[in-house]
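Below is one structure, written out as structure tokens; the observations come after it.
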Amino acid sequence: LLRLSQLILAMKRCPKIFMPPCERKVHECLYIIPLKYFFDQPIKHLIVIMSSSWIYTMFMFAFSFRVGYLFPLEFLWLSVLIIQTLAFALTLPYYIKFVNKVFVYILRNIENKMINSLLVISLSWFFIIFLINYIFVEGSSVLTEFIMLFVIIGNAMLSYKMVYSLVSVNNKARELEEITRIDALTQLKNRESLYEDALQKINNSKCFTIIFVDLDNFKSVNDSFGHAVGDTYLIEFAKTVKEILNINDGFYRLHGDEFALLVDRLDIETFCREFEKLEFQNIPDGVSFRGASLGCSSFPVDGNDISKLLHLADFRMYQIKKEKHRIGT
């Protein structure tokens, strides 16, 4: 209706049919007053939404105006009116969906320090489309072309700056995610990573074995030499397992002196025997490796629930540890 009323008014006022873009934008800038009253949102947010709407409507106007010249000039106003009406009818549902899905999400989640960049980019794109419309209706001039050139260059630089900010934020988020999945002491993956990796294998129907590892007599290391040496003991254990058994992935620290391995090897018994023969390469002062107890469970033989598989491997490890104590006594 707004476009139709503008067309009718322009037909009476202007031989070029349309209200000049500058006059039309003065009217549309008044929209922010009722928008601020009805929605009570920050002015910057309202301007971003308004800029997107202006870009959309002005693009439709420019598109319709250029297509209208394909028809006889005496019917230009009618051609543009029909083309613009059809263009809005075909694209408006998608535009509304785009605003609700993209712009609303952005404005709800954007940081304050980035809203200014988004605002400038939105206004810059609006100004570019405005200049295009002005050229279509009023004709081009050297000054107009220079202004458009500099606006496009500025918009490109701002766009790259915002992309840089987004990439930086994404990298920080990825680094934070990695930190939450890595054990700070040993730099091994943690329990959460074990669940994720095992679930991925289950979803891909890929056979695997969970080996639950518990260090023997680790409490005596802490009690006799202190927790600093105990930490070194754990670090050296993790390093030795990775180097000697050539395990770069699938090795996890669950808690304290409890570890787990996620392996695809078929000969698990041989692997476990090799594991039990491990010796530290760099033994902490006065400390010898006290050994480790292992328990295994396999997918899909022992089930397809990660928690149950881990519990079963823990139980079997505990049985072996009890047997070691019985023989030792």
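The values are calculated or read from the model by the stated rules, or taken from the named source; none is laboratory data. These numbers come from a predicted model, not from an experiment. Please note: Cβ atoms are built from the backbone with ideal geometry, for glycine as well, and neighbour counts cover all protein chains shown. The protein model used for the area step is the full one, side chains on, heavy atoms only, and it has no ligands, DNA or RNA in it. Shrake-Rupley method; radii C 1.70, N 1.55, O 1.52, S 1.80 Å.
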Quick check on segment 218-241. Is at least one of its residues within 32 Å of the chain's Cα centre (by Cα) and modelled with pLDDT under 90?
yes
Need the failing condition index for F71 against (1) of a type in the set (A, V, I, L, M, F, W, C); (2) in a helix (DSSP H, G or I); (3) surrounded by 12 or more Cβ atoms within 10 Å (Cβ to Cβ), just the number.
(2)
Looking only at segment 171-191, and only at residues there that are open to solvent by less than 90 Å² (accessible area, probe 1.4 Å) and under 29 Å from I110 (Cα atoms), the one that is modelled with the highest pLDDT:
I182
Just to be sure I understand the filter: pairs with C-beta atoms under 8 Å, separated by 6 or more residues or on different chains, first member in segment 110-133 and open to solvent by 50 Å² or more (accessible area, probe 1.4 Å), second member of a type in the set (S, T, Y) and assigned to a helix (DSSP H, G or I). Which pairs pass?
L123/S51; W125/S51
Go through segment 134-157 and count every residue that is in contact with a helix residue (DSSP H, G or I) (Cβ under 8 Å, 6 or more places away or on another chain) and open to solvent by less than 50 Å² (accessible area, probe 1.4 Å).
7
What do you reckon, is S52 under 27 Å from V169 (Cα atoms) and crowded, with 16+ Cβ neighbours inside 10 Å?
yes
Of the criteria (1) touching a residue at least 24 places away in the same chain (Cβ under 8 Å); (2) more than 21 Å from I121 (Cα to Cα), which one T57 fails:
(2)
Taking the conditions exactly as written (without any contact (Cβ under 8 Å) to a residue 24 or more places away in the chain and within 30 Å of S168 (Cα to Cα)), does V104 satisfy them or not?
yes
Over segment 113-142, the set of residues closer than 23 Å to G68 by Cβ and of a type in the set (G, A, S) is G139, S140, S141
